[in-house]
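Student: Sending over a structure as structure tokens; questions will come in a sec.
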Amino acid sequence: MRDRHDRQAEFTDFVASGQQRLHRQAMLLTGEPSRAQDLVQVTLEKVFVAWARIEDPGAYAHRTLLHSFLHDRRRARRERELLALPDGARDERRPDHALTVIEAMRGLPPRMRAVVVLRYWEGESVAATARTLGISEGTVKSTSARALAQLRDVLGETFDERTTTHQEAR
Amino acid sequence: MSPTTEDLRRRMADELDALPDLPDLSGPALAGGLRRQRRRRYAVALAATGIVVAALVPAALVATGRDAGAPAPDRSHVADTSTTAATPAPVPDPALARAAEARAAAEADGSVTRAEWDDAVTATLDALLPPRFGGVELTSNDAVTMVRTRAGMPRLDLWMGVNGYAGSRAIQPGSGGCPQVQQAADESDFTWDILDCADARFGDGFQALATSERVVGGQMSDSPGVETYAGGALLLNDALFVEIGIKPVGEEARLTIRAAELVELLRTPDFLDLVRVGVIYARDRTYPANSGFERIDPVWPG
């Protein structure tokens, strides 16, 4: 039977090998380095609490990160009041700034961001995305389509065009 | 994945590749996880003794990013990975519950001692600071209540005072928000850079202001030519002035908490409740007879 020291060592190894993947997901979801770090740390703390009883720490961490992000109400209020980008996802303070994907993602509602991360970053199927988020497959499909349309609107058709002038929001 | 969504993924990868890696979080995560385990045992013990935790928690308390009371249902050990779609009912955060209890205990007999105030400040900041700082611990019992974060790169020292003030509100620091601070910095005769600033007006006449600053001591200062980084947060109301001073630990260390985060902290019901307790403490505290300190007691609004 593993003792506490063994479990802590296993957890430390897991963090060493897995935290950067979680960080990437967190950056896509939060769009901001300090909040991404907070999200990853909170996730890892929760993983540690559950460590003795989980079989797939990677999958558990992945779902915990998503749920922590979606159910963080402080984040919701903070984004509304302090960090929400204007319509069109252009930073009004920097009119010549080329929008990054991470910045464009911040213009999406949180659940839509989660769908984008699962479908297009993690490469999960519609069915798997629906199970992870607890929504219907139809909702995943419609949300994905709307998300891609919004991202194309601000990033260009192939998501590779650099915008240097304001595009009218559609 | 279609060719265009491959473009999207490729661009995501390019941007993420350009980001610096996280520092090793295994230590902070381990420490934070152990604290969550202790807090869960504490919360269970409270329930077992019949203390209704919910009665101590403000109505605005909701599950936060530091929620440890009830993590999402663990399905990892079964084949079904479905999770609840509905927003879960708010779960009391043990850290916030502990802080609420500390504040309630401090004022239970109508007065607040220095030790009770220290405990209330420590517990409340422990619960409210962003998770990456790993909570705080009390570090000083000298003139002012001081705490130090357990984690963070760098760690932070914070001290807090609740006071009244002389003169009109309009001339108090913070009354003019970020523009006023910037003007003061521009007019200073030493190097004073406002690196970050946020302000807000809210509630019953409250004004909040937070800054992160770089100062190079002038020739007439105690440390001419020395560069230092520090920050602060102010909460102002009629007859009430709350100040949190912040200093990063270590030479040449810089603040890693944003002004917007500090303003958000000041606006929480838990912090305002701490200030209310601090008003009682300020009324009850004593000062040395020869301190020269002009005592002006703060007054809680309303």
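The values are calculated or read from the model by the stated rules, or taken from the named source; none is laboratory data. As the structure is a computational prediction, the values presented were derived from the model and not from experiment. Cβ coordinates were reconstructed from backbone atoms using ideal geometry, including for glycine residues, and neighbour counts include every protein chain displayed. What goes into the accessible areas is simple: the full protein's heavy atoms, side chains included, and nothing from ligands, DNA or RNA. Shrake-Rupley method; radii C 1.70, N 1.55, O 1.52, S 1.80 Å.
Student: Buried accessible area for the B:A pair, summed, 1.4 Å probe, in Å² rounded to 100?
Tutor: Buried area (both sides, nearest 100 Å²): 5700 Å².
Student: I'm a student and want to see the number: the projected area of the Cα convex hull of segment B:150-284, averaged over all directions, in nm².
Tutor: 9.1
Student: Still on this structure: I'd like the accessible area for residue B:137: 1.4 Å probe, protein heavy atoms, all chains in place, Å² to the nearest 10.
Tutor: Roughly 80 Å² of residue B:137 is accessible to a 1.4 Å probe.
Student: Just reorder A:34, B:168 by solvent-accessible area, largest first, 1.4 Å probe, all chains present.
Tutor: B:168, A:34
Student: Enumerate the whole-percent occupancy of each 10 Å bin, from 0 to the last occupied one, for all C-alpha pair distances of segment A:1-76.
Tutor: P(r) for segment A:1-76, in whole percents per bin: 20, 52, 23, 5, 0.
Student: Below 12 angstrom from the Cβ of residue B:210, what's the summed charge of the other residues (Lys, Arg +1; Asp, Glu -1)?
Tutor: -4
Student: Once the mean 1/r over all distinct Cα pairs of segment B:116-188 is inverted, what Kirkwood radius in angstroms do you read off?
Tutor: With all distinct Cα pairs of segment B:116-188 included, I get 14.5 Å.
Student: Moving to a separate point now. Suppose each label sits 7 Å from its Cα in the direction of the beta carbon; what would the residue B:104-residue B:6 distance come out to in nanometres?
Tutor: 6.0
Student: Additional query: Can you order the peptides A:15-26, A:146-157, B:123-134 by their average number of other Cβ atoms within 10 Å per residue, highest first?
Tutor: B:123-134, A:15-26, A:146-157
Student: At residue A:13 and residue B:227, where each label point lies 7 Å from the Cα along Cα→Cβ, what is the point-to-point distance in nanometres?
Tutor: 4.3
Student: Could you please report the charge total around residue B:249, scoring K, R as +1 and D, E as -1 over all other residues with beta-carbon less than 12 angstrom from its beta-carbon?
Tutor: Charge balance in the 12 Å sphere: +2.
Student: When Cβ neighbours within 10 Å are restricted to other protein chains, what is their mean count per residue of peptide B:27-36?
Tutor: That works out to 6 on average.
Student: Could I ask something else about it? For segment B:187-276, what is the accessible area per residue in Å² when the probe is 1.4 Å?
Tutor: 45
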